[in-house]
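The values are calculated or read from the model by the stated rules, or taken from the named source; none is laboratory data. Bear in mind that the values here come from a model prediction, so they are computed numbers and not experimental data. Cβ atoms come from the backbone with ideal geometry, glycine included; neighbour counts cover every protein chain shown.
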């Protein structure tokens, strides 16, 4: 469809309206000046004065009429674009039923050039929806195919560790396999969760934060094996948040595991307050330069410790997605304090301080 001639014709019509308005305004000025001069000179009789007044009134009305004509022309020209802009604002690629750009959904009086734009948007929307559908299928398939072999590895190593005939060297190797498998499970869970982040519902599901904290603390305890580190949980109260429990588990689990990995001795405290979870450790801490880059993806300290450099990046992205505030404070050789604030938390019931150490 060639929209060029129609567009040029519309432009020329608008240009002609503007020229006519300018000429009418010039005519009005000339008539007004003539009337003023003639009246001062006394050259106007009764009939001539009436005619001059009529000409002046006509000169006033003509520009107004031309201006209204121009306005109506622009409304007719820009109306389809405003309608199309509204369709773009309401478009959601996760809703395949949205057909606002389809040719059959366009207003019958839409001009040719706007139809070309709508057709291009319709094609783009179909391509975006196809990409999202492929991502959904990949996430669904990967969720099963990646977890199954890790489950087999974990069960096999559990059986081998239960064999009393295993040598100390074999037991250490098996525990390293288990630790790596556990890290890989957490990493896969995080990546799959981020892949589904746009589709995650911020409401509908409710997570009990204290329960999630205790589960993640127990999962992280193997990281402190052979370390003189005490891991404690202090629950001043319990609260719930409107989010999937898996999201809260991944976010808090990353913070707790980080504290375990970077603490060689001392203490790790996980405190549950009113709408807040704080993880404080006595680990190696971070310098201001390192702290400034802590949330960058794949940024790692060069000390050879375990980790993929993606944990804090995942924490930040999930916090941004659900509106939770993540704060890090750290001092080299003294430790790090990580705080997560949940603005819309609902306190369930106060509890006495509990130590899970």
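List of remarks:
- Number of residues in the range 165-196 that are outside any helix (DSSP H, G or I) and modelled with pLDDT of 85 or more equals 3.
- The range 274-289, residues that are in contact with a strand residue (DSSP E or B) (Cβ under 7 Å, 6 or more places away or on another chain) and either buried (at least 23 other Cβ atoms within 10 Å of the Cβ) or not in a loop (DSSP other than H, G, I, E, B) (or both): 276, 277, 278, 279, 280, 281, 283
- Residue ID - nearest to residue 91 (Cα to Cα), chosen from residues in the range 131-141 that are over 18 Å from the mean Cα position of the chain (by Cα) and surrounded by 12 or more Cβ atoms within 10 Å (Cβ to Cβ): 133
- Residue within the range 243-263 that is assigned to a strand (DSSP E or B) and farther than 16 Å from residue 324 by Cβ present: no
- Here residue 331 does not fit the description of being at pLDDT 85 or above and buried (at least 17 other Cβ atoms within 10 Å of the Cβ).
- Residue match in the range 246-255 (condition: at negative phi and surrounded by fewer than 20 Cβ atoms within 10 Å (Cβ to Cβ)): yes
- The range 74-101, subset at pLDDT 75 or above and under 25 Å from residue 133 (Cβ atoms), residue surrounded by the most Cβ atoms within 10 Å (Cβ to Cβ): 84
- Selected residue (only one of 114, 151 is on the phi < 0 side of the Ramachandran plot and loosely packed, with under 14 Cβ neighbours inside 10 Å): 151
- Of the candidates 188, 153, the single residue that is touching a residue at least 40 places away in the same chain (Cβ under 8 Å) and not assigned by TED's automatic domain parsing to the domain that holds residue 338 is 188.
- Where residue 153 falls short, out of the listed (1) modelled with pLDDT of 85 or more; (2) over 17 Å from residue 222 (Cβ atoms): (2)
- Verdict on residue 320 being loosely packed, with under 13 Cβ neighbours inside 10 Å, modelled with pLDDT of 85 or more and within 16 Å of residue 194 (Cβ to Cβ): yes
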